[in-house]
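The structure under discussion appears below in the form of structure tokens.
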Amino acid sequence: MRRRRAERRKIAPDPIYNSERVAKFINMIMMRGKKTLAQRIVYTAFKILKEKTGEDELKVFYKALDNVRPRVEVRPRRVGGATYQIPMEVPDYRGYFLAMKWIRDLARARKGRPMHEKLADELLSAYRGEGAAVKKKEDTHKMAEANKAFAHFRW
């Protein structure tokens with residue numbers, strides 16, 4: 001018998017935008033416990049977004065996350081000695097986690113500029129529905145579509 005699931009912790013909203021999602025994103029950017037540095041990176045990136053789009057940076061951030069958030073993904077499942085990739089719907093919290101993770105990782109992978117600029121560029125391209133993060137989402141969706149035949153193994 002399995003034990004009960006751990007309950008989800010509530011996260012304190014960030015000080016400037018009073019948003020839990022921004023606070024979560026700051027925590028994902030943070031390395032080695034340096035939260036003030038992570039906040040500076042994210043807020044500077046938001047300032048750059050405001051300058052480039054002329055729109056509210058929070059709306060741009062949310063739209064970028066929504067454009068990158070996957071709706072379905074494949075999960076491996078063993079059935080009778082064979083492992084199948086089973087398409088499953090992604091819960092909201094996991095979808096946003098994946099979106100933030102992909103944006104962070106792809107921004108870090110860019111070379112030769114400060115992190116706040118790389119992050120702003122990645123968020124801007126995600127907001128416009130282009131770029132590597134959106135491509136990653138589309139690839140995930142394609143994989144789920146290709147494995148639709150195994151959907152009956154889902155439970």
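The values are calculated or read from the model by the stated rules, or taken from the named source; none is laboratory data. This structure is a prediction, so every number in the text was calculated from the model and none was measured. Note: ideal-geometry Cβ built from the backbone for every residue, glycine included; neighbour counts use all protein chains shown. Quick note on the areas: whole protein, heavy atoms, side chains included, nothing else; ligands and nucleic acids left out. Shrake-Rupley method; radii C 1.70, N 1.55, O 1.52, S 1.80 Å.
What the table shows:
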item	result
Solvent exposure, largest accessible area first (probe 1.4 Å, DNA, RNA and ligands not counted), of 50, 137, 101	50, 101, 137
With Cα atoms, 0 to 90° folded angle of helix 35-53 axis to the chain main axis	80
Cα point-scatterer Debye curve for the chain, base-10 log of I(q)/I(0) at q = 0.17 Å⁻¹	-1.00
Dipole in debye (nearest 20) - the chain, about Cα centre, beta carbon charges: Lys, Arg +1; Asp, Glu -1	860
FRET efficiency estimate (nearest 0.05) - Cβ-Cβ, residue 105 to residue 79, R0 30 angstrom	0.45
Burial order of peptide ranges 79-88, 62-71 (average beta-carbon count within 10 Å, highest first)	62-71, 79-88
Between helix 20-29 and the chain: long-axis angle, C-alpha atoms, 0 to 90°, nearest 10	90
Separation of alpha-carbon centers, the range 80-121 and the range 1-51, rounded to whole Å	15
Structure-based [θ]222 nm, the chain - -39500 (n - 2.57) summed over DSSP H runs of at least 4, per residue, nearest 500	-18000 deg cm²/dmol
The range 62-155 - percent of accessible surface contributed by carbon and sulfur, probe 1.4 Å	53
Where the chain is the region considered: accessible area per residue in Å², 1.4 Å probe	66
The range 91-155: projected area of the alpha-carbon convex hull, averaged over directions, in nm²	5.3
C-alpha long axis of helix 92-109 to longest principal axis of the chain, angle in °	60
